[in-house]
Amino acid sequence: MTRPYRSVLYIPAANQRAMEKAQNLAADAIIFDLEDAVAPAEKVGARDLLARALLADYGGRVRIVRINGMDTEWGEGDARAFAAAGADAVLVPKVSRGADLDRVAALVPDTPLWAMMETAEGMLNAAEIAAHPRLQGMVMGTNDLAKELNSRFRPDRLAMMAGLGLCLLAARAQGRVIVDGVFNAFKDDEGLRTECEQGRDMGFDGKTLIHPAQLAVANQVFAPSQAEVELARRQIDAFDEAQAQGKGVAVVDGKIVENLHVETARATLAKAKAIAALAG
Ligand SMILES: CC(C)(COP(=O)(O)OP(=O)(O)OC[C@H]1O[C@@H](n2cnc3c(N)ncnc32)[C@H](O)[C@@H]1OP(=O)(O)O)[C@@H](O)C(=O)NCCC(=O)NCCSC(=O)C[C@H](O)C(=O)O
Ligand SMILES: [Mg+2]
């Protein structure tokens, strides 16, 4: 069944309270972060805290561990520590080429890998990264990307568009999950909604988040609305009826419905069903 990734919440692995709290938060997935959210002095302690936290019950939430880069003193230890610690995936930061995943893949043989897409080189090599045989998902790192590009944050994310588009194309070409970057102003619900809607309309599966207060907006925006579910049902019914009459095209609300639209409609219903199953 399609797994929803509407809301993907970062939690610093040094924050025991937040990791406990996440067992009951409405996040589709959690990224337990050992990288940028953890200060150097806390890195090794956070590894132990996280190993204990992963023994807890996170229900249907996907548990992803973001390790430190392989070019840091902690990367290899993180990969070894979480190779068999029960995480659902290991997220590799600052992936710039497919080979960056090879070393982690060797250290973590049985867990799917995800890639942080957040360097200029990574954008240019997105197709190669997405094609890595161990890769399951991609996460946009728009803060690091903006830093590298020397670009400014704008509501329309103009400077991000080339990178977001390249990564989306690469992920979809290989059938990978792809989630959008974070919205830093975690008290600005309207700004978050606008950015979630933009990411959804581009084709992202969901949004990475930094605070529990952002969950409700992402969960709502990235879920099919009731109107979309009803339209999907009507499209499927109309197309079935057209086919029964020997036609290949139906018309719903003045718009054509062909086989490809029916596939999209079925995907919408499957997503709604998967979300309902999470809630239930
Ligand atoms: C941003 C924060 C530092 C704010 O923390 P705080 O001031 O403690 O917030 P609140 O007082 O409003 O917290 C209320 C309660 O919620 C819990 N909480 C807060 N954040 C989280 C969380 N992320 N997950 C779970 N629970 C959370 C608090 O513990 C409070 O609980 P209670 O005690 O019961 O009241 C903080 O939100 C934070 O640290 N966020 C995560 C930051 C992070 O992970 N950053 C790294 C990832 S972003 C990134 O690197 C993206 C990428 O790489 C790129 O380049 O773009
Ligand atoms: Mg980053």
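Computed from the coordinates by the stated procedures, all read-outs in this text should not be read as laboratory data. None of the values given here were measured: they were computed from a predicted structure. As a convention, Cβ positions derive from the backbone with ideal geometry for all residues, glycine included, and neighbour counts pool all protein chains shown.
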- Here FRET efficiency (C-beta to C-beta, R17 to D102, R₀ 30 Å, nearest 0.05) is 0.25
- About the Cα centre, charge dipole magnitude for the chain (Lys/Arg +1, Asp/Glu -1 at Cβ), debye: 320
- Extension reserve of the Q243-Q226 stretch, reckoned as 0.36 nm per residue once the Cα distance is removed: 3.5 nm
- Here the Cα Rg-to-2.2 N^0.38 Å ratio for segment 7-221 is 0.94
- Note on the structure: Links exceeding 25 Å between C-alpha atoms in this model, out of K207/K273; K207/K255; K21/K43; K21/K147, come to K207/K255; K21/K147
- Could you let me know the centre-to-centre spacing of segment 1-61 and segment 98-126, using Cα atoms, in angstrom? 20
- Message: For a Förster distance of 22 Å, can you work out the FRET efficiency between the beta-carbons of V44 and A83, rounded to the nearest 0.05?
- Response: 0.85
- Per residue of segment 214-220, in order, report the coupling 6.51 cos²θ - 1.76 cosθ + 1.60 (Karplus, θ = phi - 60°) as ³J(HN,Hα) in whole Hz, putting x for Gly and Pro. 8, 5, 4, 5, 5, 4, 6
- Interchain or long-range residues, amide H under 5 Å from V257's placed H: A250, V251, V252
- Query: Using θ = phi - 60° and the Karplus form 6.51 cos²θ - 1.76 cosθ + 1.60, what ³J(HN,Hα) does each residue of segment 186-203 get, whole Hz, x for Gly and Pro?
  - Reply: 6, 9, 9, 5, 5, x, 5, 4, 4, 6, 4, 4, 5, x, 4, 5, 6, x
